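The values are calculated or read from the model by the stated rules, or taken from the named source; none is laboratory data. Everything quoted here is computed from the prediction, not taken from an experiment. Note that we place each Cβ from the backbone using ideal geometry, even for glycine, and neighbour counts take in every protein chain shown.
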Amino acid sequence: MREKKILIAFFMVIAVIAAVVAAGSLMQSVEEVGETDVINPIPVETAKAFRGDITEITNMTAVVEARDSVSVIPKLGGKVERVAVSVGDRVSKGQVLVQLEQRELLDQLKQAEAGLALAQAGKSSAMARLDDARATLERMEKLYTEGAISKQQLDQARLQYQLSDPETVNAQIKQAQAGVDMIRTQLENTIISAPITGVVTAVNVSAGEMAGPSMPVAVIMNLDEVEISVGVVEQYINNVKVGDKVDLRISAVKDEPYTGVIKTIAPAADQMNRTFPVTIILQNENHEIKAGMFAEVALATRTKQDVVVVPMVAVVDQGSRQSIFVVENNEAVARKIELGINDGQFVEVISGIEEGETLIIKGQNIVTHGDPVVVQGGEK
């Protein structure tokens, strides 16, 4: 009987311990559930939607070209005697680039000058003969008047005078002079000089080689100004004007943009691509920009005034639509939007956002609709 009581007491103790353990586990579960149900607000940065003007920027890629580029082609063929410049040299207009041999032309010039001297000497003799023929004709006319000679003798005197006309000799002199002038011009053409001021970008001949009108001996570019040409589609062409400033980025030189100016706008479209060629001029006094470099052109093509504008970073792509998260009652609220033009930093909102609303610009990609948020930066 006593053993039975002891056994009953033991089981009662075990039951009490089990009840205490179960109660503790239940309290722990309740506490854990309470902690899980509490969601911490997501920190975000914000900005205000505002009303203002925005200009659409169309980005294009183009190749830098020299403002002036000349291939220097000889007017005369001949052997190269001397090359006076190298690639990279800066030259002035009229400076000698290449000298061709002159020996054969100098010999021809001596011969032509001798022929000219002979023709001029013949003119002196011709003038003397003309004077004699004139004096003879005058004497014969007087004798004929006095009846001392016949009509036939007078006619012979007149014919002799006509044959003494120096015009034939003058023609010979002109021909000889033309020959001399031509050879002198050829001699001048053996000196090939720079047609513009600029930088030598190519030298295609060496001393001893033959040069001729079929191939340029050098190329000179004026890089004080460079130009960039882009094609603008017809719906935007009337929005750009000669004199407009344009931002240009040439990453091969530096990250900061250059400022160019629109120099020309073609009045007709290119028949190949149906765009209107627009030429932009950029100053390049230090010659840091080289012909052939790539330039990114940011061309202002459209402007809208007094529209709702937001930072582009606020826009979130959600599959087939775009949204912006606004802060309402400390919660992130997704707004379906319709966008207009942008300038690369800001974008026009046609519908979905009103002026003055608070937009999430940092943290917008991690929040979902209805999430609690806390603003920790930006405009509140």
Next on the checklist: Whether any residue in segment 171-194 is surrounded by 12 or more Cβ atoms within 10 Å (Cβ to Cβ), modelled with pLDDT of 95 or more and in a loop (DSSP other than H, G, I, E, B) is what I want to check.
Outcome noted: yes
Checklist entry - Which number in (1) of a type outside the set (A, V, I, L, M, F, W, C); (2) modelled with pLDDT of 95 or more; (3) exposed (fewer than 15 other Cβ atoms within 10 Å of the Cβ) marks the one condition that residue 271 misses? => result (2)
Checklist entry - Name the residues in segment 352-380 that are among the basic types (Lys, Arg) and surrounded by fewer than 16 Cβ atoms within 10 Å (Cβ to Cβ), would you? => result 380
Next on the checklist: Scan segment 266-287 and tell me whether some residue there is within 16 Å of residue 344 (Cβ to Cβ) and free of Cβ contacts under 8 Å to residues at least 12 places away in the same chain.
Outcome noted: no
Checklist outcome for this item: If you go through 349, 316, 278, the only one that is surrounded by 19 or more Cβ atoms within 10 Å (Cβ to Cβ), in a strand (DSSP E or B) and not assigned by TED's automatic domain parsing to the domain that holds residue 247 is 349
Checklist outcome for this item: Condition set over 15 Å from residue 134 (Cα atoms) and not acidic (Asp, Glu), scope segment 145-158, selection surrounded by the most Cβ atoms within 10 Å (Cβ to Cβ): answer is 149
Checklist entry - What pairs come up if the first residue lies in segment 82-95 and is of a type in the set (Ser, Thr, Tyr), the second is outside any strand (DSSP E or B), and their beta carbons are under 8 Å apart, counting only those six or more places apart or on different chains? => result 92/194; 92/197
